[in-house]
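Please read the structure below before turning to the comments.
The values are calculated or read from the model by the stated rules, or taken from the named source; none is laboratory data. Everything quoted here is computed from the prediction, not taken from an experiment. Note that we place each Cβ from the backbone using ideal geometry, even for glycine, and neighbour counts take in every protein chain shown. Areas reflect the complete protein model, heavy atoms only, side chains present, ligands, DNA and RNA absent. Shrake-Rupley method; radii C 1.70, N 1.55, O 1.52, S 1.80 Å.
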Amino acid sequence: MDRMVTSTVVTGVGGQGVVSAADVVASVAFDAGLDVKKSDIHGMAQRGGTVVSFVRCGEKIYSPIVEQGTADFLIALEELEALRGIGFLKDRGVVILPNFRIPPPEVALGYRAYPGNIEGRLLEIRPGIECHEADVKGMLKQHPGYSINMFSLGIYARFLPYEKAVWLDAIRQRFKKHDTAIDSFLYGYARGTDDS
Amino acid sequence: MSGNEAVARGSFEAGCRFATGYPGTPSTEILENIAGYEGISTNWAVNEKVALETASGACLAGARSIVTMKHVGLNVASDPLMTLAYTGVGAGLVVVSADDPGIHSSQNEQDNRWYALMAKIPMLEPSDSEEARLFTVKAFEISELFDLPVLLRITTRISHSRTVVFIEEPVKPGRPMYPGKETDRHVMVPANARTARLALEGRLQKLARFSEQFPLNRTEKGTANYGIITSGVSYQYVKEVVPDASVLKLSLTNPLPVGLIKKFTEDFKRVLVVEELDPYMEMQVRYLSPGIRGKAFIPSISELTPEKVRDGVRWFVAGTPPSGATAAGQGSGATDVIGRPPILCPGCPHRSLFYQLSKQCSFIAGDMGCYTLAYDEPLKAVHTCLTMGAGIGQAMGIEKAMPEGGKKPVAVIGDSTFLHSGMTELLNVVYNRSNILVVILDNRTTAMTGAQPNPLSGTDIYGNASPDISLERIVRALGVHWVETVDPSETRQVEKVVKEAMAFQGPAVVVTRAPCVLLPEFREKKREPYTVRPDLCTGCTICLNIGCPSLWWEPAEESAAGRKKRPRGIAYIDPAGCTGCGLCADLCSFNAIVRIADG
């Protein structure tokens, strides 16, 4: 088991399940016997603001927050939030980028346009990263009830050394009603990169 | 466990029998979790002052008690806090102040460690969840050892981080008792207070000696030739970025162990104090040695981060000011990303009120809670937000000071906030004949902090039924004669009532009553979302003025193929977010917004 420090940043919009996705990541690492620290900023964010969660795991963890330029993974549940969070990612890190947009108020009101070419901008800022697209649109077309957070987590899970069953257990523990969560996770898991 | 869960666990392990507080980010989950433990009588209080006073009574009756609040809540509770050190507490009393460096969800970032100094009470600062649990237990012990309330000072990063916790068996709680009447100690008339003040000094001297010996104030030897003094979450950042430094980790930070600090300073000559927010420790120990530095290198504004500590230590050690480069030698992230501020929820029934106020009224004094969110574009219907209850007083002050013939000032306040601090404000309005309109937006809960019940919700913290309390009868009892209640989803009615209230000469109160959309009973209701008929929408944008997050502008060039191109664009409703409240449909003059089923 890799006991080096691994840092993951989950980001999205209030209501998307950023915190619960990060909870699952933390409990999987904890069950693997690692020291884990997880930190959220929500507060007012359940009213549609930006939410960021950090999960750090390894032999011994001190800081609960991830330093700029050091995250191994950035799981974005919304496109613009990937851009907002890219500073956390290290060069050679992995970003999971959904084709899913929730317009922020200024865009919704027609004052500004939703920024285009986000993937290009991410690669401009961190040229060495691996950008893994999460086809949320495709998923929602096939399965309108599936959740974006568990889908993205499924993709992310393929980059980590833990068994699928461990993830499923953690999801079952986290959600009282977990059927859709499991299905969404498996849908993502089937579409993740298998680099093992 | 989160830090908040760990404080709850610590209370349980310490045999705490009474817990109270008022919701406030980041403290709220502590009390919610305590309520889940057997044997601790737990309740939400109407405000923090009431909470602390109630707990002090429970302590007189022999129950270890804990009071929880956010940092600004301690301002409200500061009155009893300042005198409780004089009277003593009886059974252990722990006051939790959850501070919010970085202002994630608050109106300021005051550093409540000063309160411990000012109130002359011991203070503990945990650095993670395990310490939050352990220090809660220790706080009860110290409280009883010195007969003083103990301030357990945590921050957002402690409250809302999850770290590993090692739980222990609970001790047996103390037995209930009827308090003895020790009037010399508990009746703070000047003669007794002067005696108590002297006695307090004796306890503080003992406490100072205790602090020097307290094992949780500890030195961790490193190889570097400088030392760092730190506390709270800052300790974690120090260990993260300068693992070779020698660290004096302080846990009991009032009174500071001055002897220990002096020795540490003599050992290292050059010492940097790394603390979040104010130079609370630095100011108290700088006199010991010119080698002690702090805020010259560590920012006093906002939350600390590993980067800021790294930069500060490097500057202190090598004399090189921070360059802005990150640990990985990479520039920071994207700049100029469009902001995403929180807004009123889709379907918030109280949105229509703000729409009417923005049309009919001039100055609208606001208050704490969700309704602050109506300040921003496009509603712009809240013009102040200062403290809990302040809006009513501010509106009255404006009315007293404004030129004659000006539009009646308005105050908006939520139900929970009104009960917390608005009732006395309203009484003052009536007493002093102020001609203002007060709107109480009654969503039956304390919504912003995650729907905690209040006296108007009909349930207590356990979900058990609570006595029926009428808001209108409270308002009338305070002397207001003009009181109207309206369902805010009845938009025409809201318009009419606001007009009448504005025309009335004298204090008027409008109650808008509709449950919060986040409450389970609303969530379970079947939603019938609306949609925009592209053939009818003229792109007039009137519907956008309500600021619904599920209603947005779709510029023409992005409109989907097949739709009739408009010169500018049309409105679009997100079917996943729309709750079917129908406010936008009411406003549309072209009948372009229809239920999906009818479209």
Problem set entry | Cα centroid of the stretch B:93-168 to Cα centroid of the stretch A:51-79, whole Å | 25
For this session: Would you work out the relative contact order for chain A, in percent, from Cα pairs under 8 angstrom that are 6 or more residues apart?
Result: 19
For this session: Taking DSSP loops as anything outside H, G, I, E and B, show the longest stretch in chain B free of GluC sites (Glu not before Pro) there with at most 14 other beta carbons within 10 Å.
Result: B:183-403
Seminar exercise, completed: Given chymotrypsin sites (Phe, Trp or Tyr not before Pro), DSSP loops and at most 16 other Cβ atoms within 10 Å, the longest exposed-site-free stretch of chain A is A:1-110
Exercise. Hey, how much of the P(r) for the protein assembly as shown falls beyond 40 Å, as a percent of Cα pairs?
Worked result: 40
For this session: Count neighbours as other Cβ atoms within 10 Å of each site's Cβ, and list the trypsin sites (Lys or Arg not before Pro) in the stretch B:232-304 that are DSSP loop with at most 11 such neighbours.
Result: none
Seminar exercise, completed: Dimensionless Rg/Rh of chain B, both radii on Cα and Rh by Kirkwood, sits at 1.02
Exercise. In chain A, what percent of the accessible surface is made up of carbon and sulfur (1.4 Å probe, ligands and nucleic acids excluded)?
Worked result: 50
Exercise. In chain B, carbon and sulfur make up what percent of the accessible area (probe 1.4 Å)?
Worked result: 54
Exercise. Hey, what's chain A come to in accessible area per residue, 1.4 Å probe, Å²?
Worked result: 39
For this session: Only Lys, Arg, Asp and Glu count, each charged at its Cβ (+1, +1, -1, -1), so figure out the dipole size of chain B about its Cα centre, rounded to 20 debye.
Result: 620
Exercise. What trypsin sites (Lys or Arg not before Pro) in the stretch B:190-222 are in a loop by DSSP, with at most 10 other Cβ atoms within 10 Å of the Cβ?
Worked result: B:K221
Seminar exercise, completed: In the stretch A:131-196, the trypsin sites (Lys or Arg not before Pro) that sit in a DSSP loop and have at most 16 other Cβ atoms within 10 Å of their own Cβ are A:K176, A:K177
Exercise. Of all DSSP beta bridges located in chain B, what percent are antiparallel, nearest 5?
Worked result: 25
Exercise. Which whole number in µm²/s is D for the stretch A:6-191 by Stokes-Einstein, with the Kirkwood Rh taken over Cα pairs at 25 °C and 0.890 mPa s?
Worked result: 149
Exercise. Which order do B:L252, B:L198 take when ranked by solvent-accessible area (1.4 Å probe, heavy atoms of all protein chains), largest first?
Worked result: B:L198, B:L252
For this session: List the accessible area buried at the contact between A and B, summed over both sides and calculated with a 1.4 Å probe, in Å² to the nearest 100.
Result: 4500
For this session: Using Cα pairs closer than 8 Å and at least 6 residues apart in sequence, work out the relative contact order for the stretch B:467-521, in percent.
Result: 38
Problem set entry | Reach of B:K239 by Cα under 22 Å, taken over lysines that are not fewer than 8 positions away in the same chain | A:K37, A:K38, A:K60, A:K90, B:K221, B:K249, B:K262, B:K263, B:K269, B:K295, B:K308
Problem set entry | Separation of the A:I182 and B:M177 label points, Cα + 7 Å toward Cβ, nm | 5.5
Exercise. Under unit Cβ charges (Lys, Arg +1; Asp, Glu -1), what dipole magnitude, rounded to 20 debye, does the protein assembly as shown have relative to its Cα centre?
Worked result: 860
For this session: Enumerate the calculated ³J(HN,Hα) couplings along the stretch A:116-126 in order (Karplus 6.51 cos²θ - 1.76 cosθ + 1.60, θ = phi - 60°), each rounded to whole Hz, writing x wherever the residue is Gly or Pro.
Result: x, 6, 5, 4, x, 5, 4, 6, 5, 6, 10
Exercise. Cα centroids of the stretch B:258-305 and the stretch B:521-535: how far apart, whole angstrom?
Worked result: 57
For this session: Taking every Cα atom in the stretch B:3-213, find the radius of gyration and the maximum pairwise distance Dmax, and write them in Å.
Result: 15.9, 50
For this session: Before rounding to the nearest 500, sum -39500 (n - 2.57) across all DSSP H runs of length at least 4 in the protein assembly as shown and divide by the residue total; then give [θ] at 222 nm in deg cm²/dmol.
Result: -10000 deg cm²/dmol
Seminar exercise, completed: Exposed-loop cut sites defined as GluC sites (Glu not before Pro) in DSSP loop states with at most 16 other Cβ within 10 angstrom; longest site-free run of chain A spans A:60-162
Problem set entry | Percent RCO, i.e. relative contact order, over the stretch B:218-318, from Cα pairs under 8 Å lying at least 6 residues apart | 29
Exercise. Expressed as a whole number of Å, what is the distance separating the alpha-carbon centroids of the stretch B:1-78 and the stretch B:340-379?
Worked result: 32
Exercise. Toward the positive end of the charge dipole of chain B, about the Cα centre and with charges on Cβ (Lys, Arg +1; Asp, Glu -1), which of B:I103, B:S323, B:L124 goes farthest?
Worked result: B:S323
